[in-house]
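The values are calculated or read from the model by the stated rules, or taken from the named source; none is laboratory data. Predicted, not measured: the structure shown is a model, and the values here were computed from it. Quick reminder, even Gly has a Cβ in these numbers, built from the backbone with ideal geometry, and neighbours come from all protein chains shown. Areas reflect the complete protein model, heavy atoms only, side chains present, ligands, DNA and RNA absent. Shrake-Rupley method; radii C 1.70, N 1.55, O 1.52, S 1.80 Å.
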Amino acid sequence: PATAMIGKVFASELAPGPQGTTNSVNRPLAGVTISVDGAEQELRTVTKADGTFVLAPCPAGRFFVLVDGRTAVGSEWPNGAYYAFVGKAWEAIAGRTNNLAGGTGEIFLPFQSQYFFYFAHG
């Protein structure tokens, strides 16, 4: 029961850094749905405005999650471009609430054009 996964979801493309700099920064994605495969309705969470999430509770040991960028702010699914929907294998140590998703805690989702969707699935 005290087992949780934590992490942060970013767009694959960089965003401009602070005004007056030439640096680029990772752009967090809000509204991404993360769920445990096979228990999507019971074990799920949504990323906050800063892209962070806590999936609690989550299974101990190795399990699979679905990271659904189609629900992210900025996605226009099903009628336009969207952030990717991916499956990932994660592993959690029982009783820890600081398990890092995917080992680093960071997930990057590419932006898919509507043309890509029709080409790949049409």
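Here are the numbers for the structure shown:
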item: Net +/- balance of residues flanking residue 98 in space, Cβ distance below 14 Å, scoring K and R +1, D and E -1; result: +1
item: Normalised contact order of the chain, rounded percent, pairs of Cα under 8 Å and 6 or more residues apart; result: 32
item: Estimated inter-spin distance, residue 25 and residue 49, nm [label 7 Å along Cα→Cβ]; result: 1.4
item: Computed Rg/Rh of the chain, alpha carbon atoms with Kirkwood Rh; result: 1.02
item: Cβ-defined net charge surrounding residue 68, 10 Å radius [Lys, Arg +1; Asp, Glu -1]; result: +1
item: Carbon + sulfur, % of accessible area of the chain - ligands and nucleic acids excluded, 1.4 Å; result: 56
item: Extension gain (nm, one decimal) between residue 106 and residue 66, 0.36 nm per residue minus Cα-Cα; result: 13.0 nm
item: Solvent exposure of the chain as accessible area per residue, Å², 1.4 Å probe; result: 57
item: Helical contribution to [θ] at 222 nm, DSSP H n ≥ 4, -39,500 (n - 2.57), averaged over the chain, rounded to 500; result: -2000 deg cm²/dmol
